[in-house]
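Shown next, in structure tokens, is the structure this report addresses.
The values are calculated or read from the model by the stated rules, or taken from the named source; none is laboratory data. This structure is a prediction, so every number in the text was calculated from the model and none was measured. Counting neighbours? That spans all protein chains shown, and the Cβs are built from the backbone with ideal geometry, glycine included. Heavy atoms of the whole protein, side chains included, go into the accessibility calculation; ligands, DNA and RNA do not. Shrake-Rupley method; radii C 1.70, N 1.55, O 1.52, S 1.80 Å.
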Amino acid sequence: MGTKCWNDSFMARYSAFNPYRLIQRECGFPKPVGSDDAVARSLYCGMKPIASWDCDQYNALPTGGVFNLEFSPEGSLLVAACEKKSIQIFDPLTHQRIYSVNGAHLDCVNCVKFLDGRMFATCSDDTTIALWDVRHLKKKIRSLLGHSNWVKNIEFSVKDKLLVTSGLDGSIYTWDINSYTEFNLVYQRVFHASGLMRCRLSPDAKQMVMCTTGGLLVIIHDLNLSMLAQDLHGFKPNLYRLMQMSRQLIPIAAMYDHLFDVKRTENRVEFVSDFPDGNDAEVVSALQIHPQGWSALSRNISHDDRSEWSCIHDIQPHAPTSDKSVRDSSPPPPPPPPATRRPVPRRTPRRRTRPYRSPRPMASVTPVPTGDRSRERREREEERVTEREPDPEAGPSSGEAAQPPRLGLGLSSIQNDVWEASITIKQHRLLQEMYSRGQVGRNFNMQRILGVNTGITPPAALRPRPLSLYPRPARAEAARLLPSPQPALSNDAIYYSRTLPSTSGQTPSSARERDSVSEGEDETRHYRIHQNKDRLLYHIEETNEGKGFIKELCYSADGRLVCSPFGRGMRLLALNDSCSELSHCVQDQTSPAQMVEIGQSLGIHQDLVVSSKFSPRHHLLVTGCLDGKIVWYEPHSGEALY
């Protein structure tokens with residue numbers, strides 16, 4: 001109790017509104033530890049509405065909902081992206097509208113992003129991105145076409161000088177705004193993920209964070225946009241996440257386990273999937289990055305659609321000395337050694353004209369003819385296609401909507417991959433049930449019944465004895481009938497040693513046939529199913545009012561505070577009662593904590609608040625609602641002025 005009173009008196013003495021602090025500063029006394037927290041707490045707790053703007057008040061054309069608010073880098077301009085195809089520009093200090101661009105797009109405007117002090121970009125549900133100059137707003141600089149669905153987010157990489165956009169088509173595009181061509185800008189699709197909602201870059205553009213409709217955050221560390229399309233070619237996060245949750249090996253997804261290796265120096269992938277108890281996150285709809293790049297702020301809707309949560313996750317890269325989870329205490333078991341195979345004599349040896357080239361990771365496996373001549377012809381065709389296959393599409397943005405580029409030859413859609421994986425997992429569970437009921441024996445082979453090789457690991461009950469225990473004449477038949485070995489489990493990864501699935505769709509009938517199919521290639525490979533680390537730091541439950549609308553949260557300029565839309569108003573959330581910085585709060589933290597509410601302003605708007613933004617230069621906050629009303633908040637020691 002005494003410590004709390006001392007803290008309260010200390011906070012009051014060094015408050016921004018107390019003249020004692022100014023006298024101490026004028027006399028040259030050094031600032032005591034914690035005085036910055038006291039100043040920040042007094043300013044943020046004193047946030048009160050001081051002014052508002054709406055179209056009815058000024059007899060302006062209706063704007064519809066204010067979906068996004070963005071300040072210029074120096075805080076001298078405020079741009080609002082509105083539902084009815086317009087953008088509104090304000091002076092944030094005088095709270096006056098200085099310009100309106102009606103018909104900026106053919107559909108509602110979703111996002112605004114300043115590239116520098118004079119140029120900004122907007123995106124819309126009409127699938128286009130527009131570039132604007134604040135000195136000449138009567139006409140847009142250029143329209144960028146490439147997305148095939150609503151464009152929801154814009155980022156700018158200060159490191160690569162590239163514009164990064166993402167939409168509900170699941171694609172992420174980069175645009176070189178300095179490469180004007182005869183047609184338009186040069187662009188490239190660098191990644192595609194089904195269910196993509198938002199894509200954000202850290203302030204130094206060294207990390208990319210994505211959120212999906214599957215309750216998953218995807219972090220790409222040591223980001224290199226120029227190599228991203230090549231490094232993540234064919235990688236599908238939903239399929240890999242399905243493999244993690246089912247704990248069953250899916251070779252199509254396990255091909256990309258190298259992307260999770262902590263020793264990677266560029267474009268390392270990490271999944272974040274831990275959420276607070278009671279929050280079965282399904283749709284992560286809003287995403288923001290800490291001003292220092294320390295954490296990611298997200299808002300998600302639970303699976304039952306009855307609750308919404310705001311969460312803060314750590315996104316800083318860990319030291320590359322260990323790949324273990326934060327709760328690991330023992331090193332993972334080493335992968336099992338590759339199985340030795342006895343060479344099989346061949347009657348008609350065949351000389352390979354070219355060295356063997358393993359095909360690129362594909363989302364589906366195509367059948368291979370069994371004949372020698374047809375196999376040679378097939379290999380030559382694959383090599384020719386591999387040599388001619390271009391990188392993910394890059395080119396000028398034309399005046400017509402561009403078709404999404406192919407990720408690769410023979411790739412199936414994410415729906416097909418997820419369907420195939422679901423079928424194999426259901427098959428695995430069915431086989432377990434049949435064995436438990438005694439309907440099948442240990443030599444039962446469902447792959448022969450279905451005519452396909454799924455590559456899914458069989459249940460533990462069917463784990464065979466080592467082949468060395470079988471008589472030598474029966475080893476070939478035992479190798480054909482018995483399933484593959486079980487994985488070795490650890491806290492950070494699941495280790496597998498598997499035989500590659502047959503590309504012909506049939507299980508090889510003999511050891512000689514298996515050797516002929518995999519001639520020149522080691523058939524045994526080792527896979528790891530990487531497990532996700534615990535990254536959750538803070539969380540709080542939100543109101544579930546206004547289902548179906550995205551509520552954009554925001555960090556304050558110093559990262560001490562979070563503004564969260566709350567019904568027809570907003571809440572100010574801090575990490576502790578003193579409004580300390582994140583680096584000071586997590587030092588002694590052993591488990592996720594709940595954020596602290598230090599202020600609120602409810603009932604100010606007439607409709608649901610869906611956007612909020614802090615000024616980068618001033619202690620100023622603005623919020624926008626579905627009715628088109630914008631409200632300004634500033635620190636004030638007296639009664640509310642509005």
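Provide the FRET efficiency to the nearest 0.05 for the M119-K84 pair, computing r from the beta carbons and using R0 = 25 Å.
0.55
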Practice item. With a cut-off of at most 16 other beta carbons within 10 Å, and DSSP calling the residue loop, which GluC sites (Glu not before Pro) in the stretch 1-96 qualify? Please list them. Key: E74
Point to revise | Residue-span extension gain [R13 to Y58] - 0.36 nm each, minus C-alpha spacing | key: 11.9 nm
**Study point:** Cα-projected label distance for S226 with D280, points at 7 Å along beta-carbon direction, nm
**Key:** 4.7
Practice item. Would you work out the charge dipole size for the stretch 269-317 about its Cα centre, treating the Cβ of every Lys and Arg as +1 and the Cβ of every Asp and Glu as -1, and quote it to the nearest 20 debye? Key: 240
Practice item. Determine which residues of the stretch 555-572 fall in the zone a paramagnetic label at H618 would reach in this model, i.e. backbone nitrogen under 18 Å from the point 7 Å along Cα→Cβ. Key: 556-558
Exercise for review: Among A51, S72, P19, pick out the residue whose Cα is farthest towards the positive end of the charge dipole of the stretch 1-78, where Lys and Arg carry +1 and Asp and Glu carry -1 on C-beta, about the Cα centre.
Suggested key: P19
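From the Cα gyration tensor of the stretch 163-283, with a ≥ b ≥ c the square roots of its eigenvalues, which class applies: rounded if a/c is under 1.5, or else prolate if a/b is larger than b/c, or else oblate? Working shown, then result.
On the way: a/c = 1.91, a/b = 1.61, b/c = 1.18.
Verdict is prolate for the stretch 163-283.
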Review point. For the stretch 122-179, with only Lys/Arg (+1) and Asp/Glu (-1) charged at the beta-carbon, what is the dipole magnitude about the Cα centre, in debye rounded to 20?
Key: 340
Exercise for review: Summarise the accessible area of the stretch 1-156 (1.4 Å probe, protein heavy atoms) by the percent that is carbon and sulfur.
Suggested key: 54
**Study point:** Å² of accessible area per residue within the stretch 559-642, as computed with a 1.4 Å probe and no ligands counted
**Key:** 41
